[in-house]
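Visitor: Next up is a structure, given as structure tokens.
The values are calculated or read from the model by the stated rules, or taken from the named source; none is laboratory data. Note that this is a predicted model, so its numbers are computed, not measured. Here Cβ is always computed from backbone atoms with ideal geometry, including for glycine, and neighbour counts include all displayed protein chains. The accessibility values were calculated without ligands, DNA or RNA, using every heavy atom of the protein model including side chains. Shrake-Rupley method; radii C 1.70, N 1.55, O 1.52, S 1.80 Å.
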Amino acid sequence: MATYVCSDLHGHLELYEQIKDYIQPEDKVFYLGDAGDRGPQCWETIKTIYNDPQFIYIKGNHEDMLVDAMRDYLRPSRRFSDAYHLLARNGGMRTFEEWEKDENKEVWMQQLLELPTFEIYHNAQEQTIYLTHAGFTPYWNESRKDTYLPLDEDLIWDRDHFL
């Protein structure tokens, strides 16, 4: 069994299909976010990766923007909010429109909201590898006194990486 990591397909389902053609059925792929927006098959790419048992889907900043826009849209008083406009400015208008037509839109919002923001992988050499969409700067976590954990904001948005 091999393990792979990829990210940022941005609506290019054909790239996902190339990955599927390359990997073996027993292989695993950590997908580090940004499945939708910008490309020709935005919403379909998100749903396909989410539903593929070989893929471990980790939230990226585009999923974060999408969920924020979804939440605002589902509030009766705020259909098209600042969150929607931020998503649209970053290539997500078509993704949002396709989600809006999905009969399970509330379920999808919850599923994307609950995506993990990081995974820990131990390779064959027993090295610990932290997999995130963006940065990983550990902070003292008050709820878990035994460890340092990063803030979710850093995991999906940070561009200043901790070495």
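Visitor: Looking at Leu155, Leu149, Leu112, which is the one that is at pLDDT 90 or above and either closer than 28 Å to Met70 by Cβ or open to solvent by less than 40 Å² (accessible area, probe 1.4 Å) (or both)?
Guide: Of the residues listed, the single one that is at pLDDT 90 or above and either closer than 28 Å to Met70 by Cβ or open to solvent by less than 40 Å² (accessible area, probe 1.4 Å) (or both) is Leu112.
Visitor: Just to verify a result, which residue in the range 40-57, among those that are under 14 Å from the mean Cα position of the chain (by Cα) and either within 17 Å of Tyr121 (Cβ to Cβ) or of a type in the set (Val, Ile, Thr) (or both), is surrounded by the fewest Cβ atoms within 10 Å (Cβ to Cβ)?
Guide: Thr48
Visitor: Within the range 115-146, how many residues are in a strand (DSSP E or B) and either aromatic (Phe, Trp, Tyr) or at pLDDT 95 or above (or both)?
Guide: Number of matching residues: 4.
Visitor: In this structure, does Leu87 turn out to be assigned to a helix (DSSP H, G or I) and of a type outside the set (D, E, K, R)?
Guide: Spelling it out, Leu87 is indeed assigned to a helix (DSSP H, G or I) and of a type outside the set (D, E, K, R).
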